[in-house]
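In what follows, a single structure is set out as structure tokens and then discussed.
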Amino acid sequence: MRFASLILLVLLALGTLPSCKRIEDKLRRLAEQSGVTPKPPPPPKPAEPVLTPEEQAIEKKLQESALLATAAPEPDVPKATAFELNKSSVVSILGYHDFRERGGSPMLIASTKFREQMQAIKDSKIPVISLSDVMAWKKGEKNIPEEAIVITMDDGWEGVHTFAYPVLRDFGFPFTVYLYKKYVNIGGRSLSWDQIKEMMQHGCEIGSHSVSHESLKKRPRSAKNDADFQLWVLGELKDSRDFLEQNLKIKVTSFAYPFGIFDDAIMETGLQIGYESLVTVNGQKVTWDTPNGKLGRYIIHGDSDTNFKLATSFRGRGDVGSNKFLVADAKNDKGEQLILLTPKPDAVVASRMPVIEADLKKIGTLMPESIKLRIAGLGTVPAHYDPATMVVRFQFPYKLRREECAVSLSFQRDPAQPAEVVSWRFKIDLAAAYLPAP
């Protein structure tokens, strides 16, 4: 091969370089004479056929699909479910005033009657929540139970600390106290700052109840004209709030109209200066659509249970005093489980379409027409009752998107007896619900 290269150089130097074809022939003959067999040249690559426009479009789609599949593969477990606000909740706000060992007037309730009412709420398992939780729900920040109770007290009587506060602390119930400026820490039967601060450490929220506790629609003598009257109303709303915020180092966001007297102009003024809620004495439950400046309350008059029963009756279920509430693990006199519940209370299930069942065989005789099954977010559902097996059954028609499900079952054994209610909760493992079956 070195000899062939030398010949090529000589030919280049003489300027007599033959054509490529002749060079290849001479190199081949020289290689044959030297005994070296050259490797045959590789065959030319076949030309790529030109794609038609249709084929080009298909090729583009395939490439894009492959690119997307590589860049964003489908996860085995989806991301956390987006927050879904439950707008079907109903809240009942109770309003109290003063407390003593004995009652005696519409604004004064005996401590024994108050404990009896709080015990009835505790037994009913209807949650007691704070007013701030209600407002967070109405702002779309969190969910609250399907049915809930809020407890409030007006004026700032010392009896709140002496008699009501110990009961509320024992039950773990949050509450709100509405104070007016002229009746705070003035001695006598008024709450002191120390008593207020102590209660604030154990579930008490503070609201404003004006400066003077006068009707906001009655012009005082000091207001000579409409402008003076408007300034007075503004002061009653704003000065009372500033007074409480400065002394308690908190933000006051709720106002209780003195005597429940107000009009739309007063309400708008309150909302404009920053109150998130303003409560009345109108006996109405609070829903998602209730205006924040007109939150109704059920004022409890002395030892009368009338308004208490109205307040604690939800959607025709009857008030907490007319029902008998059973614990989920209640047993009969033989020690047997009274009601077998599926899913079990506090259980965690993987199915997003669970079947709810309640086996009532141990109950004995009951009235089938009295059976009602309620589910938080849905209300009363069309559950099926089998008289032969005495099993109440309900299949969810769609997949649940929440992590917790609250269920309430009521029934009567006899028309003369009150309805019996059992409530329980279970959880849904949303992540496990997406995993493939083993």
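The values are calculated or read from the model by the stated rules, or taken from the named source; none is laboratory data. Just so it is clear, the model here is predicted, and its values are computed rather than measured. Please note: Cβ atoms are built from the backbone with ideal geometry, for glycine as well, and neighbour counts cover all protein chains shown.
A few points about this structure:
- If you go through region 236-258 and keep only what is closer than 21 Å to residue 136 by Cβ and either surrounded by 14 or more Cβ atoms within 10 Å (Cβ to Cβ) or among the acidic types (Asp, Glu) (or both), you end up with 241, 244, 245, 248, 252, 253, 254, 255, 256.
- Among the conditions (1) within 32 Å of the chain's Cα centre (by Cα); (2) of a type in the set (Lys, Arg); (3) modelled with pLDDT under 95, residue 297 misses just one, which is (3).
- Positions within region 259-277 being surrounded by 23 or more Cβ atoms within 10 Å (Cβ to Cβ) and closer than 20 Å to residue 97 by Cα, in sequence order: 277
- Single unsatisfied condition, residue 233 versus (1) surrounded by fewer than 19 Cβ atoms within 10 Å (Cβ to Cβ); (2) in a helix (DSSP H, G or I); (3) not small (Gly, Ala, Ser): (1)
- Taken across region 270-279, residues that are at pLDDT 95 or above and over 17 Å from residue 131 (Cβ atoms) do occur, with at least one present.
- Members of region 344-361 found to be at pLDDT below 90, surrounded by 14 or more Cβ atoms within 10 Å (Cβ to Cβ) and closer than 20 Å to residue 329 by Cβ, listed by number: 345
- Within region 395-430, restricting attention to residues that are at pLDDT below 85 and in contact with a helix residue (DSSP H, G or I) (Cβ under 7 Å, 6 or more places away or on another chain), the residue that is surrounded by the fewest Cβ atoms within 10 Å (Cβ to Cβ) is 403.
- Answer from 299, 339 - the residue that is under 20 Å from residue 134 (Cβ atoms) and surrounded by 14 or more Cβ atoms within 10 Å (Cβ to Cβ): 299
- Region 265-298, residues that are outside any helix (DSSP H, G or I) and either hydrophobic (A, V, I, L, M, F, W, C) or touching a Pro at 6+ places or on another chain (Cβ under 9 Å) (or both): 273, 278, 279, 281, 286, 288, 295
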